[in-house]
Structures are given as C-alpha cells and as structure tokens.
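Peer 1: I have a structure here, written as structure tokens, and I will follow up with some questions on it.
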There are 2 protein chains.
Amino acid sequence: MATKCANCPLQRSDVFIDLGEDEIRFMQKFKVGELEVNPGTPLLMEGSNSPQLYTALRGMGVRYKTLANGNRQVINFVFPGDFIGLQAGVMGEMQHSVEAKSPMTLCVFDRSEFWSFFKTHPERAFDLTWMAAAEEHFLGEALASVGQRTAFEAISWALCKIMLRGQALGLAIDRVMPIPFRQQDLADALGLSLVHTNKTLSKLRNRQLANWGDEILVVNDLGALADAAGMTLEPLMKRPIM
Amino acid sequence: MATKCANCPLQRSDVFIDLGEDEIRFMQKFKVGELEVNPGTPLLMEGSNSPQLYTALRGMGVRYKTLANGNRQVINFVFPGDFIGLQAGVMGEMQHSVEAKSPMTLCVFDRSEFWSFFKTHPERAFDLTWMAAAEEHFLGEALASVGQRTAFEAISWALCKIMLRGQALGLAIDRVMPIPFRQQDLADALGLSLVHTNKTLSKLRNRQLANWGDEILVVNDLGALADAAGMTLEPLMKRPIM
DNA sequence: CGGTCGATTGACACCTTTCAATACGGGTGG
DNA sequence: CCACCCGTATTGAAAGGTGTCAATCGACCG
C-alpha cells in the first residue's frame with residue numbers, strides 16, 4: 001500500500017519544512033506510486049531519459065558517474081528526503097546514475113507532470129530550485145574537499161557530513177548510525193584508492209575520532225572530527241521536500 | 001548607458017535560446033542597471049546576502065570558496081551568459097565568492113523581484129532551474145576530474161572545456177582564445193599545486209596539445225586534447241539566459 | 001566445503017607537493 | 001632614466017602523501 005502524502009513519514013522529521021494542506025493534496029495527485037528496491041538496484045542510469053522521478057522515503061543510495069577509463073566517481077550519498085531525477089526532469093536526461101545501497105522505499109512521480117509544478121504551483125517550483133541550489137552548494141564543498149584536503153581531512157569531512165545528516169534525519173541513535181556503504185564507495189567519493197581509504201579509516205579509529213565498521217558508524221565527538229577535517233560545523237538548514 | 005534587453009549582445013550568440021518578446025519585456029523590467037568592473041573586483045562574497053543578482057554580459061571571472069586553512073578552491077570559471085547569485089536568490093546567502101578576472105560588464109537584477117519569476121513567469125522559473133541543474137551537472141564532472149583524473153588528464157579536460165565554451169561564445173577565433181586566468185587559478189580549480197600545474201602545462205605544450213601563455217590559449221586539435229583528457233566531446237546544449 | 005565479497009596489511013613505486021632560486025615585465029618613486 | 005618591488009611564470013631537487021600490487025582473513029552462501 002502506497003503511503004499517503006498526508007501521512008508522509010518524512011514530515012515527522014523537523015529538518016523538513018512542513019507542507020501546506022494544498023501542497024500535500026497537489027503532491028498526492030502527482031504521486032503515481034511507491035517503489036521498494038533491494039540493495040544494488042539501479043534507479044536511474046546516466047544518459048537515461050526516465051519517465052519517473054523519485055523522492056527517497058527510506059534507505060540510502062549513491063549517485064555516481066562512470067568515466068571513460070572505467071573509474072567511478074561517487075557524486076554524493078542519497079538519504080531519505082532527497083529528490084532523485086531533477087536533471088532528467090529539467091534537462092531531459094540524467095548526467096549521473098543512482099543506485100540503492102540499502103533496501104529503499106521511493107515515492108514515484110510522473111515526469112510528464114513536471115511542468116505543472118511551474119505552471120500551477122510556483123511555491124513547489126521554488127522549492128525545486130532551492131533543492132538544486134542546495135545540491136550545487138554541496139557539490140562545491142565536495143569539490144573543495146577532494147581538491148584541497150588531505151585524505152585524512154577529506155575522510156573526516158565525509159564522515160562528519162554523513163553523521164550530521166544521519167542525526168538530523170533521526171537515523172543516528174546517540175552517536176551511532178547504521179550505514180550500508182562500502183569503503184570503496186567512500187574511496188570513489190573522495191578520489192582515493194581503496195587501500196589508502198582503509199588505512200586512513202583505521203587511523204581515525206586509532207585516534208578515537210570515528211569508528212566505521214560492520215555497516216555502523218560511530219562518532220563520539222563530532223566537534224573533534226570536524227576539527228580534524230578543518231571544517232566548521234554549521235547547523236543544517238531546514239529543507240523542503242517533494 | 002545600459003544595454004536594452006532587446007539588444008542583448010548575448011542573444012546574438014546561437015548557444016543561447018532565443019527569448020520571446022514578452023520575456024524580453026519582463027527581463028527589462030527586472031533589470032535595474034549595468035555594472036562595469038575591473039579585474040580583481042569581488043562581485044559576491046561567500047556568506048553575503050547580496051540584494052543584487054547578475055548576468056555576465058562580457059568578460060570572465062571565477063567562482064571560488066576559501067577553506068579554513070586558507071586554501072582556495074575554484075569552483076568554476078564564469079563566462080558571458082552565466083547567471084551569478086542564484087544561491088543568494090533562493091537560499092538567502094552565497095556559498096561561494098565570485099570575482100572578476102578581466103574587465104566585466106554585468107547585467108544587474110534586483111533580488112527582491114526574484115520571487116516574481118516563479119509567480120508570474122513560470123517559463124523563466126523553469127529556465128532558472130534548468131541553469132541550476134546544468135551547474136550541478138558541471139560540478140559533477142569537475143568532481144570526477146579532480147577525483148579520478150591525473151594532473152595531465154585533468155588539465156587537458158579543463159582546457160578543453162574552456163576552449164569549447166570559448167568557441168561556442170565566439171570568444172575563440174580560429175582555435176585561439178584570450179583568457180585572463182592565472183596558472184594559480186587553474187591549479188586551484190583542479191586541486192593541484194602551482195608548480196605541478198606549470199610543469200604539466202609545459203608538457204602539454206611540448207606534445208603540441210595545447211599552448212597557454214601570455215593570456216592566450218591555443219588548441220590546434222580539440223579531439224586530440226579530449227583524448228588526452230580521457231573525455232568524449234559532446235556538443236554543447238543550447239542554454240537559456242536570464 | 002569451495003567460492004565470493006569486503007576488509008586489512010605490508011612493501012614498493014611514483015605522482016605531486018614543498019622548498020628554493022631565477023627570470024621577466026610592469027609599475028612606482030627617487 | 002634607473003633602481004626597486006611585486007606578481008607571474010619557470011626550473012631543479014628533495015620529501016612525502018597516495019596508488020598499485022599482492023597476500024591474508026573473516027563472513028556469508030549455495
């Protein structure tokens with residue numbers, strides 16, 4: 001049974017901006033179904049022209065690009081509340097792929113209705129643009145991490161970011177957060193080799209900054225981790241959801 | 001005297017989608033003036049809440065972030081037609097700075113009118129979202145370059161990208177393009193040291209792939225350069241302008 | 001029980017960074 | 001007109017962070 005938008009589980013989290021009644025009705029009309037997938041399932045492929053757009057309700061995944069030489073660049077990690085397919089919606093085709101890394105539940109929208117966002121619901125269109133700008137912001141930070149930080153700092157930064165989102169979403173219970181990613185995913189996100197990523201993770205473990213193993217991330221002192229990353233902890237902004 | 005939108009020089013380039021008459025009238029109302037700046041002038045600062053948004057009419061610049069350790073990450077290069085300040089427009093404040101690297105002419109818009117895009121001109125709002133998505137796409141590619149390519153490949157990629165845009169915009173005359181950037185700018189964009197950037201550039205020069213010096217970039221064989229970068233040359237999409 | 005996947009480790013090669021020094025053009029003040 | 005300073009580009013040498021190669025180990029699974 002598809003979840004009703006009125007009962008959207010995401011609305012319970014206070015990192016998301018509350019939708020008005022009218023907006024909820026509109027999204028409900030827009031929603032064509034719900035999708036449950038297993039880890040490893042590809043949701044969108046680079047170059048594809050998918051008729052479907054998604055909002056992640058539960059579970060996690062990765063966005064990535066595959067290069068000519070076979071290398072993979074993980075663009076970022078997908079968490080509940082993330083909108084998937086914006087590029088396909090506005091530009092016609094995806095520029096990266098999206099794959100589930102844990103069991104996921106996704107809200108499915110019909111792309112052909114996409115334009116009606118702009119025509120009839122300007123607030124929703126604005127939210128969409130907001131999300132695009134937020135993504136641009138994140139990618140700018142990621143670029144700075146990959147470009148300017150050492151492996152140690154970059155990994156600290158990434159784990160910090162993940163934990164922050166996890167806490168905001170209620171996925172982290174008291175500094176402990178389950179994450180389905182592999183070390184290779186993190187390595188591909190930061191442009192590091194798997195081996196070096198592994199060794200750096202164990203260094204973080206030795207220094208009691210972060211402990212990631214058995215699909216579980218533990219961070220005792222977020223502040224210390226952020227220091228190690230050379231970043232400043234900023235409170236997350238409230239975000240809209242689709 | 002400020003240029004009239006009806007005579008917008010950008011509209012002459014065929015990389016940009018033609019605006020309808022109504023749209024031109026609307027943009028004209030939105031436009032509050034024109035700004036001419038010298039190289040080195042900061043246009044927007046990270047964290048600022050600028051009341052002004054811009055479209056680059058002439059000249060080039062850079063977007064960049066400054067990290068806690070003082071390092072600088074150049075997010076990308078600004079060319080004519082680029083919209084500057086989207087983040088401030090939708091999220092309230094800029095997440096990166098923008099600085100002119102050559103003399104620039106900018107179209108100035110009033111941010112307080114920003115919302116009217118969405119309320120009264122859904123096509124314009126859509127174009128804005130399109131541009132945000134395109135930027136997201138570009139940043140994804142940049143991330144892949146910095147993360148997965150060697151210095152030699154990354155620099156080839158960057159010069160290729162620059163030349164492609166230059167040609168599309170008519171800034172490149174027969175494989176020759178003036179660019180006001182410094183080697184340090186490119187180094188900061190790709191996460192490389194200045195010294196290594198310099199040496200890699202001279203390697204490109206030796207191999208007759210690209211010659212950048214005296215503020216001029218010469219690329220004889222774009223295909224060969226793209227090969228060196230391990231990228232595939234794709235025709236630029238037509239883009240909207242604001 | 002063999003086979004696969006992910007995590008871990010050690011050794012070694014090498015791409016990049018850092019440190020230093022030189023060169024060259026443009027601007028400025030004496 | 002010349003000395004001097006500053007930003008940018010170049011080069012050489014040495015140090016070091018990361019990548020690559022290889023082997024081991026534990027957990028899960030048919």
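Peer 1: Being out of contact with any Asp or Glu (no Cβ under 8 Å at 6 or more places or on another chain), of a type in the set (Gly, Ala, Ser) and crowded, with 19+ Cβ neighbours inside 10 Å is the filter here; which residues of the stretch A:185-242 pass it?
Peer 2: Hits for the stretch A:185-242 are A:Ala187, A:Ala189, A:Gly191, A:Ala210, A:Ala226.
Peer 1: Test of understanding: among A:Ile179, A:Ile173, which residue is open to solvent by less than 10 Å² (accessible area, probe 1.4 Å) and either more than 15 Å from DNA strand C (Cβ to nearest atom) or among the β-branched types (Val, Ile, Thr) (or both)?
Peer 2: Of A:Ile179, A:Ile173, the one residue that is open to solvent by less than 10 Å² (accessible area, probe 1.4 Å) and either more than 15 Å from DNA strand C (Cβ to nearest atom) or among the β-branched types (Val, Ile, Thr) (or both) is A:Ile179.
Peer 1: Same structure, new question: For the stretch A:175-204, how many residues are near DNA strand D (Cβ under 10 Å from one of its atoms), without any contact (Cβ under 8 Å) to a residue 24 or more places away in the chain and within 14 Å of chain B (Cβ to nearest Cβ)?
Peer 2: Result for the stretch A:175-204: 3.
Peer 1: Find the residue count for the stretch B:125-150, including only residues that are more than 7 Å from every other protein chain (Cβ to nearest Cβ) and either crowded, with 20+ Cβ neighbours inside 10 Å or among the acidic types (Asp, Glu) (or both).
Peer 2: 5
Peer 1: Can you tell me which residue within the stretch A:210-220, out of those that are over 11 Å from A:Met163 (Cβ atoms) and of a type outside the set (Gly, Ala, Ser), is nearest to DNA strand D (Cβ to nearest atom)?
Peer 2: A:Asp214
Peer 1: May I pose another question? With respect to B:Ile162, determine if the residue is buried (at least 16 other Cβ atoms within 10 Å of the Cβ), away from chain A (no Cβ under 13 Å), within 12 Å of DNA strand C (Cβ to nearest atom) and touching a residue at least 12 places away in the same chain (Cβ under 8 Å).
Peer 2: Here the answer is no, as B:Ile162 does not meet what is asked.
Peer 1: I've got another one for you. Counting only residues that are more than 13 Å from chain A (Cβ to nearest Cβ) and farther than 20 Å from B:Leu10 by Cα, how many does the stretch B:66-109 have?
Peer 2: Residues that pass the stated criteria total 1.
Peer 1: Scan the stretch B:104-124 for residues that are within 29 Å of A:Ala144 (Cβ to Cβ) and in a helix (DSSP H, G or I) and jot them down.
Peer 2: B:Arg111, B:Phe114
Peer 1: Taking the criterion of being more than 14 Å from chain B (Cβ to nearest Cβ), free of Cβ contacts under 8 Å to residues at least 60 places away in the same chain and over 24 Å from A:Gly170 (Cα atoms), would at least one residue in the stretch A:209-223 satisfy it?
Peer 2: No, every residue in the stretch A:209-223 fails to be more than 14 Å from chain B (Cβ to nearest Cβ), free of Cβ contacts under 8 Å to residues at least 60 places away in the same chain and over 24 Å from A:Gly170 (Cα atoms).
Peer 1: Is it true that B:Ile155 is open to solvent by 10 Å² or more (accessible area, probe 1.4 Å), more than 15 Å from the chain's Cα centre (by Cα), within 16 Å of DNA strand D (Cβ to nearest atom) and at pLDDT 95 or above?
Peer 2: For B:Ile155, the condition - open to solvent by 10 Å² or more (accessible area, probe 1.4 Å), more than 15 Å from the chain's Cα centre (by Cα), within 16 Å of DNA strand D (Cβ to nearest atom) and at pLDDT 95 or above - is not met.
Peer 1: Conditions: (1) modelled with pLDDT under 95; (2) of a type in the set (A, V, I, L, M); (3) within 16 Å of DNA strand D (Cβ to nearest atom). B:Val146 meets all but one. Number of the miss?
Peer 2: Of everything listed in (1) modelled with pLDDT under 95; (2) of a type in the set (A, V, I, L, M); (3) within 16 Å of DNA strand D (Cβ to nearest atom), B:Val146 misses just condition (1).
Peer 1: If a residue must be in contact (Cβ under 8 Å) with a residue 12 or more places away in the chain, within 16 Å of DNA strand C (Cβ to nearest atom) and in contact with a Gly (Cβ under 7 Å, 6 or more places away or on another chain), how many such residues does the stretch B:110-148 contain?
Peer 2: 1
Peer 1: Does B:Glu36 fit the bill of being outside any helix (DSSP H, G or I), out of contact with any His (no Cβ under 9 Å at 6 or more places or on another chain) and of a type in the set (Asp, Glu)?
Peer 2: yes
Peer 1: If you check A:Leu43, A:Leu35, A:Leu53, which single one turns out to be touching a residue at least 40 places away in the same chain (Cβ under 8 Å) and open to solvent by less than 10 Å² (accessible area, probe 1.4 Å)?
Peer 2: Within the list A:Leu43, A:Leu35, A:Leu53, the selection yields A:Leu53.
The values are calculated or read from the model by the stated rules, or taken from the named source; none is laboratory data. Just so you know, these numbers come straight off a predicted model, no measurement behind them. When we count neighbours, we look across all protein chains shown, and the Cβ atoms used for this are built from the backbone with ideal geometry, even at glycine. Ligands, DNA and RNA are excluded from the accessible area calculation, which covers all protein heavy atoms including side chains. Shrake-Rupley method; radii C 1.70, N 1.55, O 1.52, S 1.80 Å.
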